[in-house]
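Participant: The structure that follows is given in the form of structure tokens.
The values are calculated or read from the model by the stated rules, or taken from the named source; none is laboratory data. What you are looking at is a predicted structure, and each value in this text was computed from that prediction instead of being measured. Cβ: placed from backbone, ideal geometry, glycine included. Neighbour counts: every protein chain shown. SASA here: full protein model, heavy atoms, side chains in, ligands and nucleic acids out. Shrake-Rupley method; radii C 1.70, N 1.55, O 1.52, S 1.80 Å.
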Amino acid sequence: MFTAGSHLSSWIDSCEPIAYSKLTENRTTDVIIVGGGISGVSIAYCLCKAGKKVVLVEDGYIGSGETGRTTAHLVNALDDRYYDLASKFGEDTAKLIAESHSAAIDFVERVVGAEGIDCNFERVKGYLFLHPSDKPESLERELEAGLKAGLSVEKTTITLGGKSLEALQFNNQAQFHPLRYLKALCKAIVSMGGEIYTDTHAKDIDHTGITTNEGINVSAKHVVVATNSPVNNKYIMHLRQYPYRTYVIAARVAKKAIGQALWWDTGNFDVNADIPPYHYVRTEPLNDTHDLLIVGGEDHPTGLADAEHIPEEKRYKILEDWAREYFPQMEDIVYKWSGQVMEPMDSLAYIGHNPLDKDNVYIVTGDSGNGMTHGTIAGLLITDLITGKDNPWKDLYSPSRFKLFKAGKTFFKEFVGGFVSYLKTKPKHFDNTGLKDLKAKEGKIIEFVGEKLGAYRDEKDELHFVEVECTHLGCLVKWNNDEKSWDCPCHGSRFNHKGEVLNGPANVPLRHYSQHKDFLTNI
Ligand SMILES: Cc1cc2nc3c(=O)[nH]c(=O)nc-3n(C[C@H](O)[C@H](O)[C@H](O)COP(=O)(O)OP(=O)(O)OC[C@H]3O[C@@H](n4cnc5c(N)ncnc54)[C@H](O)[C@@H]3O)c2cc1C
Ligand code: FES
């Protein structure tokens with residue numbers, strides 16, 4: 001199964017792969033879209049509805065990126081607080097932000113109805129409760145800011161794991177099965193004359209279109225890059241957002257033992273007061289006797305788990321301990337996986353014209369933990385930009401916006417702090433003990449004849465070597481033993497053991513050597 005890591009999510013395991021044929025002939029179209037996650041597919045769907053000719057290329061299957069690894073809460077109760085958004089952007093803008101996410105949920109609901117999509121879409125309530133490291137006033141402030149932003153929110157008390165917790169109740173939130181939704185959207189796109197190609201990597205991208213690995217061209221009037229981290233933007237956007245890994249477990253619970261709702265805590269301010277990692281919880285029907293309880297959290301900057309001395313693979317146990325405290329109805333854990341989110345420096349996604357590029361090139365990125373609605377907003381907004389319609393969210397989400405005072409402390413802390421952590425955790429000496437102690441399905445960086453190489457032993461005892469300088473801007477990649485990937489701490493590029501790209505901004509694989517014979521006989 002093609003996905004951005006070694007673990008399978010419950011979504012990927014409960015939906016046939018959404019595969020189309022590979023692109024083998026040159027095409028000419030109105031719009032070429034690169035990336036088949038919720039952003040690319042929503043944009044393709046909206047453009048087809050607006051009468052545009054669309055070609056979408058995806059280098060895995062549809063949904064094999066972060067959309068297949070999400071938890072699919074559809075919310076206007078954002079993971080950044082409204083009191084924070086109002087202080088950064090003003091109350092009117094906070095209201096506009098809320099409206100855009102509400103419109104995205106309404107859009108999904110309408111499409112589910114209109115296309116008759118069987119994706120367990122449900123309107124649910126969302127409960128935000130206080131993390132022990134947060135101050136009680138923050139709920140009061142969020143209530144006031146949420147009401148001013150026009151949300152339907154009220155104060156309440158909830159009981160979780162026998163604890164009575166002060167909380168805010170957000171009405172009109174929603175949840176769905178993201179891949180079943182994408183599958184139906186793709187079917188609709190094709191029925192409207194849109195073309196979708198999977199297993200098709202866009203190697204070169206510019207304002208005239210794309211060229212695939214095999215040299216096939218798609219010429220287009222408009223080019224949309226919806227690759228989560230934009231692979232066509234080498235520098236600017238990667239100074240404006242930070243990659244985080246986030247972890248999920250899914251456990252069986254007796255059917256209806258826990259109601260259908262969304263739960264979030266306000267985040268651990270002891271770990272990071274600017275972007276406090278929070279827990280996020282929902283349920284999903286599993287079978288006649290059980291539901292799945294899907295719990296996420298324990299985030300850390302990509303490639304820098306060691307800075308907190310908690311390796312990637314140890315994060316699930318911490319997540320489980322937290323979940324069992326609040327949801328003791330949990331039985332056995334049947335899935336675990338992790339994924340990556342891009343945290344924008346001022347909390348809002350970047351959707352629109354690619355900065356310093358021709359006017360007909362667009363990007364979608366900076367999804368944060370709200371990429372389901374941000375991806376849907378991208379469908380609506382980019383369609384309006386391409387069809388020349390006014391859209392009230394154009395400036396709000398413009399990738400060219402840059403006001404340092406709005407990003408302020410967070411920018412310096414995340415950017416400079418991340419760089420310092422990178423330098424601190426960057427090994428000064430590399431392992432020269434050879435490969436004998438390298439176990440199956442493990443990787444490490446070794447030094448050999450003055451060269452640094454990433455080594456991985458697969459389950460068949462074959463060795464794989466990759467160059468360890470990231471193909472984006474040359475930072476040293478780090479082995480992620482949980483998802484079996486080489487992760488770059490600088491801007492979040494990730495590669496599998498063969499050096500193939502799992503996440504951008506890199507768009508070129510790491511050079512890979514398998515079973516280098518001389519190498520093996522020498523060490
Ligand atoms: C664990 C986790 C939990 C989350 N929970 C939530 C949640 O509850 N609610 C919410 O709103 N958001 C959530 N998010 C965020 C959300 O899932 C993502 O923001 C969203 O799925 C991103 O969608 P996308 O289409 O932008 O990117 P992706 O789904 O990553 O799609 C990009 C696609 O581009 C393809 N691609 C890349 N390069 C190329 C190329 N050169 N040629 C062709 N194709 C290419 C990739 O293969 C990929 O499929 C969560 C994320 C994670 C990881
Ligand atoms: S992601 Fe930028 S250098 Fe690796």
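Participant: Just name the residue that is nearest to Thr302 (Cα to Cα) out of those in the stretch 229-255 that are within 16 Å of ligand 2 (Cβ to nearest atom) and open to solvent by 40 Å² or more (accessible area, probe 1.4 Å). Full working, then the answer.
Facilitator: So in the stretch 229-255, the residues within 16 Å of ligand 2 (Cβ to nearest atom) come out as 229-245.
The next check asks that each one be open to solvent by 40 Å² or more (accessible area, probe 1.4 Å); those that pass are 234-236, 239.
Values: Lys234: 18, Tyr235: 18, Ile236: 19, Leu239: 15 Å.
It comes out as Leu239.
This table checks each residue for (1) under 20 Å from the mean Cα position of the chain (by Cα); (2) in a loop (DSSP other than H, G, I, E, B).
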{"position": "Ser64", "(1), (2)": "yes, yes"}
{"position": "Gly68", "(1), (2)": "yes, no"}
{"position": "Lys95", "(1), (2)": "no, no"}
{"position": "His101", "(1), (2)": "yes, no"}
{"position": "Val111", "(1), (2)": "no, no"}
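Participant: Follow-up question, since we're still on this one. Answer yes or no: is there a residue in the stretch 41-56 that is touching a residue at least 60 places away in the same chain (Cβ under 8 Å), assigned to a loop (DSSP other than H, G, I, E, B) and open to solvent by less than 40 Å² (accessible area, probe 1.4 Å).
Facilitator: Here is the first cut: in the stretch 41-56, the ones touching a residue at least 60 places away in the same chain (Cβ under 8 Å) are 41-50, 52-56.
Within this subset, residues satisfying the condition of being assigned to a loop (DSSP other than H, G, I, E, B) are 50, 52-53.
Pick out the ones that are also open to solvent by less than 40 Å² (accessible area, probe 1.4 Å) and you get none.
So far as the stretch 41-56 goes, no, none of its residues is touching a residue at least 60 places away in the same chain (Cβ under 8 Å), assigned to a loop (DSSP other than H, G, I, E, B) and open to solvent by less than 40 Å² (accessible area, probe 1.4 Å).
Participant: Only one residue in Ser219, Ser191 is farther than 30 Å from His491 by Cα and away from ligand 2 (no atom under 16 Å from the Cβ). Which one?
Facilitator: Numbers: Ser219 fails: farther than 30 Å from His491 by Cα.
One residue alone meets the criteria, Ser191.
Participant: Now a separate question. When residues of the stretch 214-229 are filtered for being more than 9 Å from ligand 1 (Cβ to nearest atom) and not charged (D, E, K, R), how many remain?
Facilitator: Residues in the stretch 214-229 being more than 9 Å from ligand 1 (Cβ to nearest atom) and not charged (D, E, K, R): 9 in total.
Participant: Looking only at the stretch 490-519, which residues are open to solvent by 20 Å² or more (accessible area, probe 1.4 Å) and either near ligand 2 (Cβ under 8 Å from one of its atoms) or among the acidic types (Asp, Glu) (or both)? Don't jump to the end; show me each part of the working.
Facilitator: First, the residues of the stretch 490-519 that are open to solvent by 20 Å² or more (accessible area, probe 1.4 Å): 490-491, 496-498, 500-502, 507-509, 511-518.
Cys490, His491, Glu500, Asp518 - these are the residues of the stretch 490-519 that are open to solvent by 20 Å² or more (accessible area, probe 1.4 Å) and either near ligand 2 (Cβ under 8 Å from one of its atoms) or among the acidic types (Asp, Glu) (or both).
Participant: Pairs needed: first member in the stretch 263-283, within 13 Å of Leu293 (Cα to Cα) and in the same structural domain as Asp321 (by TED's automatic domain parsing); second member anywhere, open to solvent by 20 Å² or more (accessible area, probe 1.4 Å) and in a loop (DSSP other than H, G, I, E, B); C-beta distance under 7 Å; at least 6 residues apart or different chains.
Facilitator: Sorted first by the residue in the stretch 263-283, then by its partner, the pairs are Thr283/Gln260.
Participant: Given the options Ser164, Ser133, name the one that is touching an Asp or Glu at 6+ places or on another chain (Cβ under 8 Å) and of a type in the set (Gly, Ala, Ser).
Facilitator: On the way: Ser164 fails: touching an Asp or Glu at 6+ places or on another chain (Cβ under 8 Å).
Every option except Ser133 fails the conditions.
Participant: Check every one of the strands (runs of 3 or more DSSP E) wholly within the stretch 174-228 and list those with 2 or more residues that are of a type outside the set (Val, Ile, Thr).
Facilitator: Working: elements: 195-197, 202-206, 209-212, 217-225.
Correct list: 195-197, 202-206, 217-225.
Participant: What do you reckon, is His238 closer than 22 Å to Gln175 by Cα and within 18 Å of the chain's Cα centre (by Cα)? First the steps, then the outcome.
Facilitator: Numbers: closer than 22 Å to Gln175 by Cα: no; within 18 Å of the chain's Cα centre (by Cα): yes.
So His238 does not fit the description; no.
Participant: Restricting attention to strands (runs of 3 or more DSSP E) lying wholly within the stretch 296-411, give those where 1 or more residues are within 16 Å of ligand 2 (Cβ to nearest atom) and in contact with a Phe, Trp or Tyr (Cβ under 6 Å, 6 or more places away or on another chain).
Facilitator: On the way: elements: 333-344, 350-353, 361-365.
Strands (runs of 3 or more DSSP E) meeting the threshold: 333-344, 361-365.
Participant: Report, by residue number, each residue of the stretch 347-366 that is in contact (Cβ under 8 Å) with a residue 12 or more places away in the chain and among the acidic types (Asp, Glu). Please lay out each step first, then the result.
Facilitator: Of the stretch 347-366, the ones in contact (Cβ under 8 Å) with a residue 12 or more places away in the chain are 347-358, 360-366.
Correct list: Asp357 only.
Participant: Residues that are among the β-branched types (Val, Ile, Thr) and open to solvent by 30 Å² or more (accessible area, probe 1.4 Å): does the stretch 23-34 have at least one?
Facilitator: The initial filter retains those residues of the stretch 23-34 that are among the β-branched types (Val, Ile, Thr), namely 24, 28-29, 31-34.
Okay, now just the ones that are also open to solvent by 30 Å² or more (accessible area, probe 1.4 Å), so 24, 28.
Yes, some residue in the stretch 23-34 is among the β-branched types (Val, Ile, Thr) and open to solvent by 30 Å² or more (accessible area, probe 1.4 Å).
Participant: Could I ask something else about it? Does the stretch 59-79 contain any residue that is away from ligand 2 (no atom under 16 Å from the Cβ), open to solvent by 40 Å² or more (accessible area, probe 1.4 Å) and at pLDDT 95 or above?
Facilitator: Yes, because at least one residue in the stretch 59-79 is away from ligand 2 (no atom under 16 Å from the Cβ), open to solvent by 40 Å² or more (accessible area, probe 1.4 Å) and at pLDDT 95 or above.
Participant: Now, a different point. What are the pairs, 6+ residues apart or on separate chains, where a residue within the stretch 209-225 that is basic (Lys, Arg) has its Cβ under 6 Å from a residue that is surrounded by fewer than 18 Cβ atoms within 10 Å (Cβ to Cβ)?
Facilitator: Lys221/Asp30
Participant: Inspect all residues belonging to the stretch 169-177 and state whether any of them is more than 30 Å from Leu85 (Cα to Cα), at pLDDT 95 or above, open to solvent by less than 10 Å² (accessible area, probe 1.4 Å) and touching a strand residue (DSSP E or B) at 6+ places or on another chain (Cβ under 7 Å). Steps first, please.
Facilitator: Residues of the stretch 169-177 that are more than 30 Å from Leu85 (Cα to Cα), as a first pass: none.
Within the stretch 169-177, none of the residues are more than 30 Å from Leu85 (Cα to Cα), at pLDDT 95 or above, open to solvent by less than 10 Å² (accessible area, probe 1.4 Å) and touching a strand residue (DSSP E or B) at 6+ places or on another chain (Cβ under 7 Å).
Each row is one residue, and each column tells you yes or no for (1) of a type in the set (A, V, I, L, M); (2) outside the structural domain of Pro355 (by TED's automatic domain parsing); (3) in contact with a His (Cβ under 9 Å, 6 or more places away or on another chain).
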{"position": "Pro132", "(1), (2), (3)": "no, yes, no"}
{"position": "Pro136", "(1), (2), (3)": "no, yes, no"}
{"position": "Ser152", "(1), (2), (3)": "no, yes, no"}
{"position": "Ala167", "(1), (2), (3)": "yes, yes, no"}
{"position": "Ala188", "(1), (2), (3)": "yes, no, no"}
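Participant: Moving on to the next point. Has the stretch 373-388 got at least one residue that is farther than 18 Å from Lys234 by Cα and either among the charged types (D, E, K, R) or not assigned by TED's automatic domain parsing to the domain that holds Ala50 (or both)?
Facilitator: So the first thing to find is which residues in the stretch 373-388 are farther than 18 Å from Lys234 by Cα, and the list is 373-388.
Restricting the remaining residues to those that are either among the charged types (D, E, K, R) or not assigned by TED's automatic domain parsing to the domain that holds Ala50 (or both) gives 384.
Yes, some residue in the stretch 373-388 is farther than 18 Å from Lys234 by Cα and either among the charged types (D, E, K, R) or not assigned by TED's automatic domain parsing to the domain that holds Ala50 (or both).
Participant: For Lys203, which of the numbered conditions (1) within 16 Å of ligand 2 (Cβ to nearest atom); (2) over 27 Å from Asp384 (Cβ atoms); (3) open to solvent by 10 Å² or more (accessible area, probe 1.4 Å) fails to hold?
Facilitator: (1)
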